[in-house]
Amino acid sequence: MNDDIVLLVDDERNILNSIERLFSEDDLSILKAGNAEEALELVRNRNIAVLVSDNHMPGMKGIDLLSTVRTVSPDVVRILMTAYADLPTAIEAINRGEVFRFIVKPWDDDDFIRTVKEGIDRFRIVRALKRADEATLLSLARTIELKDKYTKGHCDRVASYAVAIAGALNLPGETVRDIRYGGWLHDCGKIGIPGSILNKPGALDDDEFDLIKKHPAWGADVARQAQLSQVIVNIILHHHERFDGKGYPSGIGGTDIPVEARIVAVADVFDALTSDRSYRKAYSMKKGMEIIRSMRGSSFDPEIADLLPLLIREYGEESR
Ligand SMILES: [Fe+2]
Ligand SMILES: [Fe+2]
C-alpha cells in the first residue's frame, strides 16, 4: 500500500524539508503545512494517516491543532514534536489520548522514522478493524504475530482453546464469537513494541519489561477506537490479570476480571507452555495442563483451569 499520507506541520520551511528527506526512500506521500490553519484544511480534504506537528508555531499551537484534529477526523494518528522543556505537556497529552506519540527536538533520524511508521501501522490496524470481517481480523492477528518469531500460530491456537472453554461454560453464541476474535487479537498492542525487545534472546531489563506491559492498554485503545465489542476490548485489556490480583494492567482479581479475559488468560499461558520458546522446548500437553493446574487460584480462575482436561481430549497430544 503506498497511498498513506503523512502530513508534516511546522512554521520553519527548512525543518519540513529535512523531515521530508528522511522519508524519500519510502512509499509514502508527504504533505507539508506551515501553520495549523493550513493543516486543518488538508485534514478536511485529504485522507491523512499520520499528522506530525511542531508545538511552537505562531497562531494555533501544535497541541491545540492535534486536539482539534481528534474531533474533526479521529482516525488520523497524531504525533507531537516538542522541545525537551515541553515534555510534561506532551506526556499529559498522551495520557489524555490526544497524542499517539511525541518526538523530542532535536530528533534522532531513526527514532523519527520508526515513530511515524508505527503511526502508519496503527492507522492501518484501526482501518482494518473497522471493517471487522473475519478474514481481516485473522490476517491482522497473523501480521502482529510475524513481529514475534516465537509466536507463530499462537493467536489462532489461543482462540481455539478459548472457544473450547467458553463452549464448556455454555456462554452465549455471540460471546463465544467475540471470544474467538479477542483470542486472535489479544496481543495486538504488541504492534507498538519494538521488534528488538520482543525478540530479545536474553532476559529483559526493567524498562523493557515496563514497555511490554503496556501492550494490553495500547491494544485496548486500538480496539475501542475501532468500536469493537466490549468483550473483545476486555480480553485485550485484561488477559494478563491474575486471579489473585497480582497481574497487570489493572491488578483486579477474582470475578472482577471479566470471564472472557479469565478464559483467554488460561488459553494464552497454556499455548505458551506447549510451544517452543527461545529459552526452552515445548512442554507436552499433559505437562502443560499440570502446570496450569498448579496455578489454579493464583494465576487462574480454578473453575476455568479445571476445564483444561476437556481441551486435552479435544486436541490430543498428536494434533500438535
Ligand atoms: Fe499478551
Ligand atoms: Fe499471548
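Using the structure shown, list the pairs from K152/K200; K152/K281; K213/K246; K190/K286; K190/K281; K152/K287 with a Cα-Cα distance above 19 Å, or answer none.
K190/K286; K190/K281; K152/K287
Post the alpha-carbon centroid distance, the range 18-70 to the range 262-304, in whole angstrom.
After rounding, the separation between the Cα centres reads 47 Å.
For K130, give me every one of the aspartates and glutamates with a C-alpha distance below 15 angstrom, ignoring sequence neighbours fewer than eight places off in its own chain.
Hits, sequence-local ones excluded: D75, D121, D178, D221.
Straight distance only, please: which lysines reach the Cα of K32 with their own Cα at less than 27 Å, same-chain residues fewer than 8 apart left out?
Partners within reach: K61, K105, K117.
Give me the one-decimal nm value for the distance between modelled label points at K130 and D306, 7 Å along each residue's Cα-to-Cβ direction.
4.6
Where Lys and Arg each count +1 and Asp and Glu each count -1, what net charge lies around L169 among other residues with Cβ under 13 Å from its Cβ? Walk me through the numbers before you get to the answer.
Numbers: positive: R262; negative: E260, D301, E303, D306.
Charge balance in the 13 Å sphere: -3.
From Cα coordinates alone, what are the radius of gyration and Dmax values for the range 154-199 in angstrom?
When restricted to the Cα atoms of the range 154-199, Rg and Dmax are 13.1, 41 Å.
Using every pair of alpha-carbon atoms in the chain, split the distances into 10 Å bins beginning at 0 and state the percent of pairs per bin, rounded to integers.
Values per bin, smallest distances first: 6, 25, 30, 21, 13, 5, 1.
If I model a spin label at K200 and N95 as a point 7 Å from the Cα along the Cα→Cβ vector, what separation in nanometres do I get?
2.5
Values quoted throughout were computed directly from the atomic coordinates according to the rules given, and no laboratory measurement underlies them. It should be emphasised that the depicted structure is a prediction, and the values quoted were computed from it without experimental measurement. In this analysis, Cβ positions are derived from the backbone assuming ideal geometry, glycine residues included, and neighbour counts consider all displayed protein chains.
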